[in-house]
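Read the figures in this text as sums done on the coordinates, not as results from a lab. All values derive from a computational prediction rather than experimental measurement.
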């Protein structure tokens, strides 16, 4: 839905049901320990902010970034050949394939980023493959990257942060 009515209780319940079914919203998995109160904003992330976004604290993305959790480090990690076997078995060709597809588009839409209110730390909730490909292809200064940004002082308590 491109124009959601965030004031609609019915639409908000539908979004929560979809998230609960797909991702365990408010109960488990990715959303265990997620803050109850989040202020949401939507807009474009400038290249300097984009470079500061980290992956969630999750083994696959930690390894793919060489331990830094920075999407900007994925290409160097891939080129180093230093990935553990379990990551290479999953496959990494998708990074270059998606980066090639992004070369023909002006915009990447709808990443979801969680951040502290001061924006001193920002962590990607959704869009890991797209943001990896942005940096693998060197598109971070050319593309417009739009994101939903959720701000919460309690986000530092979320285990994935």
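How big is the gap, in Å, between the Cα center of segment 132-155 and the Cα center of segment 24-85? Between the Cα centres of segment 132-155 and segment 24-85 lies a distance of 10 Å.
Helix 93-102 axis versus longest C-alpha principal axis of the chain: approximately 70°, rounded to the nearest ten.
Each pair of Cα atoms in the chain enters the Kirkwood radius, and Stokes-Einstein at 37 °C and 0.692 mPa s then converts it into a translational diffusion coefficient of 197 µm²/s. Stretching the chain fully between residue 49 and residue 142 yields a gain of 32.1 nm (0.36 nm per residue, less the alpha carbon separation).
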